[in-house]
Structure formats: C-alpha cells, structure tokens
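These notes concern the structure reproduced below.
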Amino acid sequence: MRKPFIAGNWKMNTNCQSATDLASGLAAELSEVTTVDVAVCPPFVYLQSVAKALSSSNISMGAQDMYFEGNGAFTGEISTEMLKDVCCTYVLAGHSERRHVIGETDELINKKVKTAISGGLLPILCVGELLEQREANKTDEVVTEQLKKGLAGIDAEKVLAVTIAYEPVWAIGTGKTATSDQAQEVHAMIRKLLAEMYDEKIASQLRIQYGGSAKPENTAELMARADVDGLLVGGAGLKVDSFSAMIKTIA
Ligand code: 13P
C-alpha cells in the first residue's frame, strides 16, 4: 500500500515572515495527521527558518532545486550537502518551470536525480507535457522520454528513493486541472513504464503525484484514482487553510 504524499511547492513566493508563518500554521494544523506524508518546499533562503518552524512537527522539508556537483566553485548553486545540512529530506528535480523557463535538459535533470540519491536526498522527479504536445497526442511519448532520460542509469535499489510527479504544463497555475480520468490515464502509463524499466514490484511501490491546479475542491476526486498517490501543490499550498484542507481530506 502506498502512503499518500502531498508536497507544497512554494516556488518564488513568500518572504521570511510569511514563510515561517505558513510553516508554523501548517505544523499546528496538521499535528494529528500521521496517515499522509507531508512536505513543503520553500525558497532556498527560507529553508533554515522554515526548518525551525517545523522542528517538532511531522512535516518534512524539500528544496526546489539543487546542483549535481559537490561543494566547490559553482557560483550561485546549492549542493546536496548544503540541503541536508539545513534539514531537507526531499528535492524537486526537473520542475516544468525549470525545464521551460530556465531551460534545463533531461540530461541535467538526470544528473541532479542521481546526485540527490547518492547524497541521501529523496528526489521528486517532475514530468509533464505542454498543451501543444497533448493536442498533438504526444503526451505518452513526451512523458516516456522524460522518465527514461530522467531515470537513466538509476538502478532498481536506488529508484525507490524517487517520487514521480506528473504535472501537465497546461494545468500549472492556470486553474485548469486535469480531469481525474486524464490524470489516471497518464499515471497508469507511468506505472506500466516503470514496471518495464524495473519490475512490477518496484512499480507498485513508487509513488506518483499529480500536480497542476490541485486544490481542496478537486483533491478527493483526484486522490480516489488508483494510480494517483499524492499531489504536488503550487498556489493552494501557499495558504494554511487550503493546504491543510487538502491533507485532511486525504487523511
Ligand atoms: P499550481 O498548483 O499552482 O498549478 O502549481 C502546480 C505546480 O507546479 C507544483 O509544482
């Protein structure tokens, strides 16, 4: 049985005060929740303050990105060692905004996933198609390529550290959520592919989150689907009320 996993990706939002307020608010609101894994991914500069606010809670913390090299002369970058040092458990890899706004390639993302695992972080590998790719019936092809390239060279034992997040780009920040049928269809395809790449047992253990305008109103319907194991939440994760309502719906 896969334990539901909900993560809030705060993106380039909050400030020092609002980040710690959000974290403390969630810690208080979710203190009784044990049946759902919960994580928040604040901006780098607030990780330490958020870690403090979450210190006696059951909420984990992740970073939104990392670099694939160890510490050294890489101006502006952040290493796994640094993220672990400030209490991160998870790290996002290949979020669509990094792929399509910053220009990250599958090869770079694969290096990050590998480095995260070897450094002891749990990567959340994000995949998902653009609107024009969906309209051209290329969703499976795009997601397959992103998954195969993103997980290249990662063996069966190591892949268990990974969570996959399916985030159709056209649903991110648009208010236009994928229907639960659309989400389930791609999640089932991803799980089948993972079974081919690894085996059935591993595929059945790996968690696949859905992301893209997930909110309290559509949480129950999305989470009711067989292969939807969690949510990666943007906008609705920035408010204590909406994020905790989603988690309580699942718990
Ligand atoms: P929204 O929930 O704001 O659509 O963002 C989804 C997302 O990109 C989470 O990583």
Cα centroid separation - region 24-58 against region 155-217, whole Å: 23
Shape of region 163-251, Cα gyration tensor, a/c cut at 1.5: prolate
Restraint check, 11/84; 158/192; 114/239; 3/84; 149/176; 112/248, Cα-Cα greater than 26 Å: 114/239; 149/176; 112/248
Cut-off 14 Å between beta-carbons: net charge of the residues surrounding residue 197, Lys and Arg +1, Asp and Glu -1: 0
Overall form of region 48-184 per C-alpha gyration tensor (a/c, 1.5; a/b vs b/c): prolate
Cα shape, region 68-116, gyration tensor, a/c 1.5 rule: prolate
Column: log10 I(q)/I(0), Debye, Cα scatterers of the chain, q = 0.17 Å⁻¹: -1.36
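Readers should treat all values here as calculations from the given coordinates under stated rules, not as data from a laboratory. Model, not experiment: these values are computed from the prediction. Cβ: placed from backbone, ideal geometry, glycine included. Neighbour counts: every protein chain shown.
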